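The values are calculated or read from the model by the stated rules, or taken from the named source; none is laboratory data. Bear in mind that the values here come from a model prediction, so they are computed numbers and not experimental data. Cβ: placed from backbone, ideal geometry, glycine included. Neighbour counts: every protein chain shown.
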Amino acid sequence: MQVESGERRLSIPERGLQSVVDRLEGVISPILWTLGLELVEVVCVGQGPRSVVRVLIDKPGGVTVTDCEQAHKALGPALDVADPFPHAYTLEVSSPGLDRPFKRLQDYQRAIGKQVSLKLRQPLEGQWRVTGQLTHADEQAVVLAVPTGASEPQLLRLELQTIAEARLVVKI
């Protein structure tokens, strides 16, 4: 069991709990698809009547407040029928945020042409983190154009299994 910010994260495989998230994803995903939205993640936190089901959604171009509202209205009745818990819970629908970690190939592909920061599982030339423009992503690897100080950036190909975490670089 992993604890974050004092909350129990039920999306972590634990006896019987992962099946609840799987059941929820099975109900939620097709509904979001009909709304033109993608399911990023379902996270269940808390216990008893203080349980919260967080549904993180996305779409090309980003999620609006209206998208979250529509998803919430569509998911509420469906989850009432699915009845995931024997007690009351709170449903939250939101965007995962710009700086969320990439979890799927789609996340990498959506970021092509943008600046990303990759945290590596092993250092590469003494560096644990590499930042550059993502130029390619497939099931095996990604390619980054990494600035070198020269006129042309260095193209760096990294196997996906060597990447511990990837995020967009968000400039404020």
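So the values come out like this:
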quantity: Residues (farther than 16 Å from residue 133 by Cβ and either of a type in the set (Lys, Arg) or touching a helix residue (DSSP H, G or I) at 6+ places or on another chain (Cβ under 7 Å) (or both)) located in the range 96-112; calculated: 100, 103, 104
quantity: Evaluation of residue 88 against (1) on the phi < 0 side of the Ramachandran plot; (2) modelled with pLDDT of 85 or more; (3) surrounded by 13 or more Cβ atoms within 10 Å (Cβ to Cβ) (one fails), failing number; calculated: (3)
quantity: Of all residues making up the range 125-160, the number that are in contact (Cβ under 8 Å) with a residue 12 or more places away in the chain and either touching a His at 6+ places or on another chain (Cβ under 9 Å) or of a type in the set (A, V, I, L, M) (or both); calculated: 14
quantity: Search result, residues across the range 104-139 that are among the polar types (S, T, N, Q) and either farther than 11 Å from residue 163 by Cβ or over 17 Å from the mean Cα position of the chain (by Cα) (or both); calculated: 106, 109, 115, 122, 127, 131, 133, 135
quantity: Every residue from the range 52-69 that is under 24 Å from residue 89 (Cα atoms), modelled with pLDDT under 95 and not β-branched (Val, Ile, Thr); calculated: 54, 56, 58
quantity: Condition met for residue 94 (among the polar types (S, T, N, Q) and surrounded by fewer than 12 Cβ atoms within 10 Å (Cβ to Cβ)); calculated: no
